Structures are given as C-alpha cells and as structure tokens.
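Below is one structure, written out as structure tokens, with a few remarks after it.
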Amino acid sequence: MRFAYADPPYLGVAEKFYGHLHPDAADYDKPETHRALIERMTNEFDGWALSLHLPSLRTILPMCPEDARLAAWVKPFASFKKNVTRAWTWEPIILWGGRPIPITQHTVRDWIEAPAIAENITLRRGFTGAKPAAVTHWIFDWLNMEPGDEFTDMFPGSGAVTAAYQDWLDGKNGRCSFGLFGDQAA
C-alpha cells in the first residue's frame, strides 16, 4: 500500500516562517494550494496524514474526504508568551484512509501526547514546526502501515520524518508503538 504524510507550511503563516527557505512558500498562504495537496494525496495514496494549525482548521477540514478523521497532537510543553492568556497546546492532524485495523491488534487513539519535553522543543532542528518522532510513529500506527509499504514524506524539510520512519521500521519487530495501552508486545 502507499502512504503519505504532509506537514506543509501552515495556511496564513507560510511566507512568514518559510519564505526565506523556499521561493514557493507563499503559495501555501492560499487555500487552493492546500486543496490541491489534499486532492493529490487522496488520488495517489491509500492513506495519508496532514498536519495543520488550529487557525486553518475551519478552512482545510471541509476540503478533505467526508471519511477523514480529525486527531490531535497534545503538547505537554508549550512556550507561554507575555500577555497571551490562552495557550495553544495541541495541533490538529487530519488522517484519511489506511489499512483496516483488525480487532486482534491494539486500539490506536485519535490523539497523542508526545512523551518527552525535549522532543517537543523542535526548533533546534532548524525548521519551525518539525515534528517529534513519537508523533510520526503514532501516525504510522494509526494508518496501520507495515514494512514493505511505500511511504512518501511530502515535505521533507528537516529530515525528521524520514529519520522517524526509518526508526519506526527498525522497531517494527512485534511491538505496537502507541496502542491504547502504550508499548506492548504483539
């Protein structure tokens, strides 16, 4: 099966955060670019995940197939800013398709709390918004990917997702990474 993960520049802040890194970053400040990305992934892959930020959720979710699921990456650590009294401590992730999960496998939650504070501080990777390995492992488990499946990182950026995918493949020796009851032997 074929799977994809997209962590594009977020709608409305693409130019601000990525304009200096890529000449086409500003295209992602347009909803049509996100719509085209969603259509491409739906047409070319058996399952996909899309990261976005909360302000764009109302715009992007209606662009997705009706059977897409909304999930959350809950951050136990967040930087609090002076005079900001409501902290955004989670990010939406839209999931679509994937391999069915039989009842013989552990249940996978529709949210993940990244397990370590250090993993949440991803700015040191050189890219705003780089995802912790735990988040990408959870996405792979949610889609019920298996070794031998084809995986495409639509926005390779820092290389963190590709490294997490290799790490996930190396660890797929009978372990369920983030099932309902945590790491368990299969």
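The values are calculated or read from the model by the stated rules, or taken from the named source; none is laboratory data. Everything numeric here is computed off the predicted structure, so don't read it as measured data. So basically every Cβ, Gly included, is an ideal-geometry build from the backbone, and we count neighbours across all protein chains shown.
Just a few scattered comments:
- Selection status of Tyr5, on the phi < 0 side of the Ramachandran plot, buried (at least 18 other Cβ atoms within 10 Å of the Cβ) and either β-branched (Val, Ile, Thr) or assigned to a loop (DSSP other than H, G, I, E, B) (or both): no
- Number of positions in the range 36-95 that are closer than 21 Å to Trp111 by Cβ, out of contact with any Leu (no Cβ under 9 Å at 6 or more places or on another chain) and in contact (Cβ under 8 Å) with a residue 60 or more places away in the chain: 2
- Test: residue in the range 11-21 that is aliphatic (A, V, I, L, M), within 21 Å of Ser158 (Cβ to Cβ), buried (at least 20 other Cβ atoms within 10 Å of the Cβ) and without any contact (Cβ under 8 Å) to a residue 60 or more places away in the chain: yes
- Pair list, Cβ under 7 Å, 6 or more apart: the range 139-161 residue part of a strand (DSSP E or B), other residue charged (D, E, K, R): Glu150/Arg2
- Within the range 22-54, considering residues that are of a type in the set (Gly, Ala, Ser) and crowded, with 16+ Cβ neighbours inside 10 Å, the one farthest from Leu143 (Cα to Cα): Ala25
- From the options Leu61, Leu70, Leu57, residue that is assigned to a strand (DSSP E or B) and within 22 Å of Trp138 (Cβ to Cβ): Leu70
- Residues that are at pLDDT below 95, in contact with a helix residue (DSSP H, G or I) (Cβ under 6 Å, 6 or more places away or on another chain) and of a type in the set (Val, Ile, Thr) within the range 1-39 are absent altogether.
- Test: residue in the range 78-93 that is assigned to a loop (DSSP other than H, G, I, E, B), at pLDDT 90 or above and farther than 25 Å from Tyr18 by Cβ: no
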